[in-house]
Amino acid sequence: MIKIGILTFHYAINYGAVLQAYALREMINTFEGYEAEIINYIPDEYVYYPYEHGEQGRDKFKQKRDKFGRFITTCLKVKENVEHVVDGHGYDYICVGSDQVWNVALRENVDLEYFLPNINDNI
């Protein structure tokens, strides 16, 4: 079995991000001899910001965040959080991406973890 790790923005409270991660994993898993899983890497600086203000807005945001959290846990089947993507995770290949992973306008600082600095050249 060839094991593939997917490194993407699976943790966002965003339908596109979560469904893209789910669809990619499911598609890879349809190929005979391949097993893909989402690497549960969440950058330290990632913080959820509610868009609506006031108590009612916070409550709506919390409900939405909780629903996404349940989907991520049950449907994406993520395992424990990882602080760094390293060779020890046992992947044969690592697929990095989504449109937002490479969107330099998204964040002030580029997260080098998405460039796989701790992975040897065999992967």
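The values are calculated or read from the model by the stated rules, or taken from the named source; none is laboratory data. Remember, predicted model here, so these are calculated numbers, not experimental data. No Cβ is skipped: glycine too gets one built from the backbone with ideal geometry, and neighbour counts run over all protein chains shown.
Residue count for segment 1-44 under the criterion of being in contact (Cβ under 8 Å) with a residue 24 or more places away in the chain, within 17 Å of Ile72 (Cα to Cα), hydrophobic (A, V, I, L, M, F, W, C) and out of contact with any His (no Cβ under 9 Å at 6 or more places or on another chain): the result is 7.
Just one of the numbered conditions (1) at positive phi; (2) of a type outside the set (A, V, I, L, M, F, W, C); (3) assigned to a helix (DSSP H, G or I) is not true of Asp66: (1).
Mind checking which residues of segment 1-16 are surrounded by fewer than 19 Cβ atoms within 10 Å (Cβ to Cβ) and either at pLDDT below 90 or among the small types (Gly, Ala, Ser) (or both)? Matches in segment 1-16: Ile13, Asn14, Gly16.
When the test is whether a residue is over 14 Å from the mean Cα position of the chain (by Cα), without any contact (Cβ under 8 Å) to a residue 24 or more places away in the chain, within 13 Å of Leu7 (Cβ to Cβ) and surrounded by fewer than 14 Cβ atoms within 10 Å (Cβ to Cβ), Leu112 passes it.
Taking segment 1-46, which residues are of a type in the set (Asp, Glu) and part of a loop (DSSP other than H, G, I, E, B)? Matches in segment 1-46: Glu32, Asp44, Glu45. Taken over segment 47-100, the criterion of being of a type outside the set (A, V, I, L, M), modelled with pLDDT under 75 and loosely packed, with under 12 Cβ neighbours inside 10 Å is satisfied by Tyr49, Tyr51, Glu52, His53, Gly54, Glu55, Gln56, Gly88.
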